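These notes concern the structure reproduced below.
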Amino acid sequence: MAGMSFEEYVNAYYGGTLGISKRYGISKADDNITTSGLAEGLNTVFGAKVFNQLNTKSEVFKLLKKEAWTQSGFRALTARHATTAGVAEGGAFPETDHPELKEITLTLKEVVTPWQMSSKAEILSEADDGLGNLAAFMRREQGEAHAFFLDDQLTKSVEANSDGATGAGQAGNNFESLDRVTATLAYVTDAQSPSNSQDDCDMYGLDISSNSFFDAGHTHFTDDGSNNALALDDLDTMIAALLENGANYNSLVILTGYDTYQNLKALMQGTNGAFKFDLAGAAAANQNGVTGEAGFNFDSRVGAYDGIPIFLSQHVPKDGASRLYMLDMDNLALRIAAPTTYVDNTNLAVRQVLSREYAFITAGELVAYKRNTSGSIRDLTA
């Protein structure tokens, strides 16, 4: 074959001068078959699997401890006995006194995620290139949506009302919010606050302006409407304030968003090399089954600031960057009357309608037994 051209090689191998063209059709086609010309002969098959493009993580509901709804309220001690005093020899006792108690009433909230499917949609989902078992698909996806929106309610901005609009912030029929738990009266009445209403931090029917014992422990914010960079001094000031109000250091946790966590991480790494980021060597904190962020190897085994575990949620409200909550887990709970329950009404004969109804229902309320041991940092720069 040495010295043979490609054409001579083809002719010798296949026989005939146009052998390769005849066998493999290399010659140019006058009317090429394309996907547009054969549109009705080609079908795109999508498959039954759906690839979710949304962040469906729901950590806040799981983070909070759960307790049974055995009563619809609690009593708060608001003032101490105030007449303890030394007595001179043979002297009379001081005047008698008594502590002050306040009854706080809780309202049971029922949070519902409903959906409805026609019988035709269910039938056709099993045919052609459908989703397969539509009822099972919807139950799975709506279950994730229910958990997502529970977290959204539990972190709803104090400036947003029950339908999410900016304005007088009240939970309405939704669960109460950690954002309200950690918002002081001074914050919501500040001239630069978006809502500028003292009612925004009222909880359980208590007017905080006349019940200051139930105000949040600390809110760091700017009073000129601007956003400022996170500073470690801000966290230290908040920790000191919460401890002074009686917080148990070992019960404190930090809850924030991914962006503020990155800012905090950068601050900790930049402290004269005192903090060293070491994901491989740092275990993650665990609170009620929720794993925190693995973090800094500074003779501490968990992702933490000054020993306080850090947990993240996409639901934490943002000003410039996500707010940062410091929560006293000893004094926060989800009081549950009915755990998340799946219900359906699928009997077409009874309904007399060619559709079926389904829902997830959770009944309970966020309970803050003591607000002044939790706080927040707001108005942070992205």
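The values are calculated or read from the model by the stated rules, or taken from the named source; none is laboratory data. What you see is a predicted model; the values in this text were computed from it and never measured. Note that each Cβ is placed from the backbone with ideal geometry, even for glycine, and that neighbours are counted across all protein chains shown.
Only a single criterion out of (1) crowded, with 19+ Cβ neighbours inside 10 Å; (2) within 30 Å of Leu101 (Cα to Cα) is not satisfied by Ser322, namely (2). Selection of region 208-245 for residues being hydroxyl-bearing (Ser, Thr, Tyr) and without any contact (Cβ under 8 Å) to a residue 24 or more places away in the chain yields Ser210, Thr237.
Residues in region 343-380 that are within 20 Å of the chain's Cα centre (by Cα) and surrounded by fewer than 19 Cβ atoms within 10 Å (Cβ to Cβ): Ile361, Ala363. Counting only residues that are hydroxyl-bearing (Ser, Thr, Tyr) and more than 17 Å from the chain's Cα centre (by Cα), which one in region 114-158 is modelled with the lowest pLDDT? Looking at the filtered set, the residue picked out is Ser125. Just checking, how many residues over region 63-122 are part of a loop (DSSP other than H, G, I, E, B) and farther than 28 Å from Val343 by Cβ? Summing the residues that are part of a loop (DSSP other than H, G, I, E, B) and farther than 28 Å from Val343 by Cβ in region 63-122 gives 20. Among residues of region 86-99 that are in contact (Cβ under 8 Å) with a residue 24 or more places away in the chain, none has a beta-carbon under 7 Å from a residue that is hydroxyl-bearing (Ser, Thr, Tyr) at least six positions away or on a different chain. Candidates Gly375, Gly364: the one that is modelled with pLDDT of 90 or more and in contact with a His (Cβ under 8 Å, 6 or more places away or on another chain) is Gly375.
Put simply, of Ala283, Ala294, Ala333, Ala266 the only residue that is within 26 Å of Ala240 (Cα to Cα), modelled with pLDDT under 55 and among the small types (Gly, Ala, Ser) is Ala294. Number of residues in region 202-247 that are hydroxyl-bearing (Ser, Thr, Tyr), closer than 27 Å to Tyr305 by Cα and part of a helix (DSSP H, G or I): the value is 1.
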